[in-house]
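Visitor: Have a look at the structure that comes next, please.
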Amino acid sequence: MTAGRLAELTDVSPRVITLIERGHPGVSFGNVLNATVHAGVPLFDITGPRTLGRLSQQCQQAVTLIPSNVRNRKERAIDGDF
């Protein structure tokens, strides 16, 4: 795929694609993500059921590390009367 074609698919100018290739910090993260998707670069390997299950289990384990008084905190109404 050419940079011009990738720019068309991503809906940016070819100059932006060049900046992405060079790692320029001024390019928006959204443009970088769009370009990677259209270029076919896998960013997150969560397509398989095993991977999704493992990721879910890791997240559940991380949540158990959070103290229960933080996890189960009830939202308090904010008194806006100053």
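Visitor: 7 Å from Cα along Cα→Cβ at both Val41 and Ala3: what's the point-to-point distance in nm?
Guide: That separation, rounded to one decimal, is 1.4 nm.
Visitor: Let me ask you something else. Multiplying the sequence separation of Ser28 and Asp81 by 0.36 nm and subtracting their Cα-Cα distance, what value in nm do you get?
Guide: That pair, Ser28 and Asp81, stretches by 15.1 nm at full extension.
Every read-out reported here was derived from the displayed coordinates using simple, explicitly stated rules and does not represent laboratory data. All values reported here derive from a predicted model rather than from experimental measurement. Because the Cβ atoms are built from the backbone with ideal geometry, glycine has one as well, and the counts that use them run over all protein chains shown.
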